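**Q** My questions all concern the structure below.
Coordinate-derived values only; no laboratory data. Predicted model, so just to flag it, every value in this text is computed and none were measured. A quick note on method: Cβ atoms are made from the backbone with ideal geometry, for glycine too, and the neighbour counts reach across all protein chains shown.
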Amino acid sequence: MTRSVCYLLGSGASLNDLTVEERAYLNSHPYTLAFNKYLLFWDVVGIAPTDFLILDRHFPSHIVFVRSLQIARSLPRKVNLYADEFYAKYCGRNGLELLKGLRARFILWRQTKYWLPLDIIGSPVQYCHNIIDSSQPFSWASSLDEPLYFYRGSLTSAINLATIIYPGCDIKLLGVDLYSNDYFYGDRIEAFPDLVDKYYKIGQQAGRHPTTIDLSNVGRHRSILDVMPQVVAHLHSLGVSLACCNPRSLLVTEGICEYAPVMES
């Protein structure tokens, strides 16, 4: 029996290589999860996801969170929103929650001079736990009540979330290139300097994706490529296969997962 498939939409430039037929297929597919800055520039690719995840907490991720919620309202299909529990304080609509949210907005404004708007209060978001400290032992969540696995970026957490919200599905990665710091939205982000964070700058300077830069020599964490074999092995133990739809992705060329086309013949 053929297993169902879900798709994870990253931000790599290879998304621009999708054919018209592939984009139409993905727009009609019931299981597509995007993450990070994808929704801000979704119109470049033209694929509206069914689900969206944001876990980053560092500023300007607050801006990404707000604009993603606003854009989600106008998408041509309903999108389920998932976010780090960090953002819950900004969306409470009643009593003490609202007062705490106003206080959090004031603190953010005082630190960054960015006022987080009020129109996101009451937004329908499902909040996730995740382990920010990548030095913690490998731990895979089986429900949204448990912390999503996190290591050097949101990809591992997005894969973990996919195994929860798409039970019984194999996983295909789109726009997870890792061999460069080129994004599908290209120069468009340069028109939004308020969205450029330190990790984007690190990647641009190094000429590679920031999650692949080994930082162990400065007392931080290794490359995401060091943990992905363990992720793939754990998925296999769950009966889930992971494939990448870009044959040039480091995940494929490094032998971590197999290549698979977007659409099977």
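**Q** Using bins 5 angstrom wide from zero, how does P(r) for segment 4-259 break down, in % of all Cα pairs?
**A** Going from the shortest bin to the longest, the percentages are 1, 6, 13, 18, 20, 18, 14, 7, 3, 1, 0.
**Q** Follow-up. Counting pairs on different chains as well as pairs 8 or more places apart, how many Lys pairs in the chain have Cα atoms under 22 Å apart?
**A** Step by step, the pairs that qualify in the chain add up to 12.
**Q** Treating the angle as unsigned and between 0 and 90°, give the value, to the nearest 10°, between the Cα long axis of helix 228-237 and the longest Cα principal axis of the chain.
**A** Taking the Cα atoms of the chain, the angle to 228-237 is about 70 degrees.
**Q** Taking the Cα centre of the chain as origin and charging only Cβ (+1 Lys, Arg; -1 Asp, Glu), how large is the dipole, in debye to the nearest 20?
**A** 940 debye
**Q** Provide the net charge surrounding residue 83, with neighbours chosen by a C-beta distance below 12 Å and charges set as Lys +1, Arg +1, Asp -1, Glu -1.
**A** Its environment carries a net charge of -2.
**Q** Would you mind calculating the relative contact order of the chain from Cα pairs under 8 angstrom and at least 6 residues apart, reporting the percent as a whole number?
**A** Rounded, it is 21 percent for the chain.
**Q** Write out the GluC sites (Glu not before Pro) in segment 227-265 meeting two conditions: DSSP loop, and at most 14 other Cβ atoms within 10 Å of their Cβ.
**A** Loop-located and lightly packed - 254, 264.
**Q** Near residue 239, within a Cβ-to-Cβ distance under 13 Å, what is the net charge of the other residues, with Lys and Arg +1 and Asp and Glu -1?
**A** Local net charge: 0.
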